Amino acid sequence: MDSCKEDEKQMKCAWVHGPIIVGAGPSGLAVAACLANNGVPSVVLEKSNCIASLWQYKTYDRLNLHLPKQFCELPLMGFPENFPKYPSKHQFITYMESYAKKFSIEPRFGQAVETAEFDVECEVWKVRTKDTVYMSRWLIVATGENAEAVIPEISGMEKFHGPVIHTSVYKSGADFKNQKVLVIGCGNSGMEVSLDLCSHNASPHMVVRNAVHVLPREMFGFSTFGIGIALLKWIPLRFVDKVLLLLSHFILGNTDRLGLRRPKTGPFELKSVTGKTPVLDVGALSQIQSKNIKVIENVKKITRRGAKFVNGQEKEFDSIILATGYKSNVPCWLKTCDFFTAEGMPKTPYPNSWKGDKGLYCVGFTRRGISGTASDAGKIAKDISDQWTIKDSKNCCNAHIILRRETQ
């Protein structure tokens with residue numbers, strides 16, 4: 001087997017003295033900072049022109065962190081003390097920019113990874129972008145669980161007369177003033193977009209496709225998530241879920257009556273097993289109770305003027321918003337690797353999902369938000385730094401040999 005494909009010979013080859021990190025979102029920044037703190041250099045490749053592009057370009061204006069800031073800190077640096085309990089998206093972006101500056105993280109922007117694969121002969125990872133082949137002993141996948149929008153296949157959607165957009169391009173309800181809007185999806189995004197539409201005199205109709213847990217963001221002045229985490233230290237997960245659901249029923253009432261049927265599995269257990277996040281209510285539920293947000297059954301078919309539903313009803317709409325979530329894009333570019341599933345998630349369950357074979361690592365795939373990312377980033381940095389002290393001098397010598405072979 002040739003050490004380099006013919007078309008690679010026409011590209012620039014770059015040896016990386018340290019790991020290659022794919023993705024400059026919170027996960028990529030976290031692991032780069034932890035590596036730097038352990039004296040290990042890295043190269044961060046980012047397809048966009050900025051860090052945290054999902055936060056900067058694909059989030060709506062009213063977004064705030066759903067969890068208190070202490071649960072959303074990246075490792076080694078907390079939020080500024082003057083930030084509110086639930087920072088806005090703009091404050092979170094500012095925090096990440098300060099974080100990158102503090103740890104001297106300078107991603108290489110405009111470097112969308114086309115392929116990444118392990119070269120058995122050279123025993124290195126080759127990561128190919130449009131103009132460069134990067135090579136390293138280590139590859140860290142940091143593109144995360146939310147790399148690409150999920151666009152569902154719904155019959156007739158291409159025939160709809162009005163705009164059909166995903167929440168990744170939704171910014172404000174001001175663009176839908178006085179419109180009748182079909183919102184497909186009832187997760188945190190679907191709920192918040194529907195609430196935002198209400199505040200701009202639109203009429204949202206929210207499609208509930210599956211059972212969903214709705215919890216108050218706070219209970220008696222304390223974060224619901226924080227209460228759950230504290231209880232997990234003392235009682236089993238299923239009992240924690242029972243306590244939270246009992247308190248939620250006391251505070252919110254029976255959500256089944258509003259068309260929001262709860263899953264049989266509790267919210268924390270469901271998140272742990274499937275990654276499905278419970279909705280933390282920030283005001284949408286009261287709008288549902290007052291009928292300003294109408295909850296409707298699943299869509300059977302999109303028509304030119306609106307939609308037909310599984311219960312036989314048909315309604316007209318001006319616009320459709322897909323609040324259908326995101327997915328991993330790892331299978332599109334990571335080749336000859338069986339560490340990930342076809343859906344782009346690690347096959348090995350948490351807490352051991354951060355490390356594969358042959359110098360492969362991943363961060364941001366724990367289904368546990370930024371706290372899971374921070375934990376894995378520290379483990380990865382320690383594991384690589386332990387190898388670095390042994391291999392760094394050997395790598396420097398071998399790099400020149402490999403590069404010479406690649407460019408011959």
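Tabulated results
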quantity	calculated
Estimated [θ] at 222 nm from DSSP helical runs (n ≥ 4, -39500 (n - 2.57)) normalised by residues in the chain, nearest 500	-9500 deg cm²/dmol
Dipole of the chain, positive direction: furthest Cα of Val120, Ala230, Ser136, with charges on the beta-carbon	Ala230
Difference of contour (0.36 nm per residue) and Cα-Cα distance, Thr274 to Glu97	60.6 nm
Net charge dipole size for the range 150-325 [Lys, Arg +1 and Asp, Glu -1 on Cβ; Debye, nearest 20]	380
Label-point separation in nm, Asn178 to Asn37, each point 7 Å along Cα→Cβ	5.4
Full-stretch length increase - Cys332, Lys294 - with 0.36 nm per residue and alpha-carbon distance subtracted	9.9 nm
Mean Cβ count within 10 Å, highest first, over the residues of peptides 193-200, 346-353, 294-301	193-200, 294-301, 346-353
For the chain: relative contact order, % (alpha-carbon pairs under 8 angstrom, 6 or more apart)	24
Burial order of peptide ranges 168-178, 135-145, 361-371 (average beta-carbon count within 10 Å, highest first)	135-145, 361-371, 168-178
Whether the range 232-372 is rounded, prolate or oblate, judged on the alpha carbon gyration tensor where a/c under 1.5 counts as rounded	oblate
Cα gyration tensor shape of the chain, rounded if a/c is under 1.5, else prolate or oblate by comparing a/b with b/c	prolate
Length released on extending from Val120 to Lys264, taking residue separation times 0.36 nm less the Cα-Cα span	47.1 nm
C-alpha long axis of helix 237-252 to longest principal axis of the chain, angle in °	40
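Here, each number is a calculation from the coordinates, and none is a lab measurement. This is a predicted model, so every value here is computed, not measured. Cβ coordinates were reconstructed from backbone atoms using ideal geometry, including for glycine residues, and neighbour counts include every protein chain displayed.
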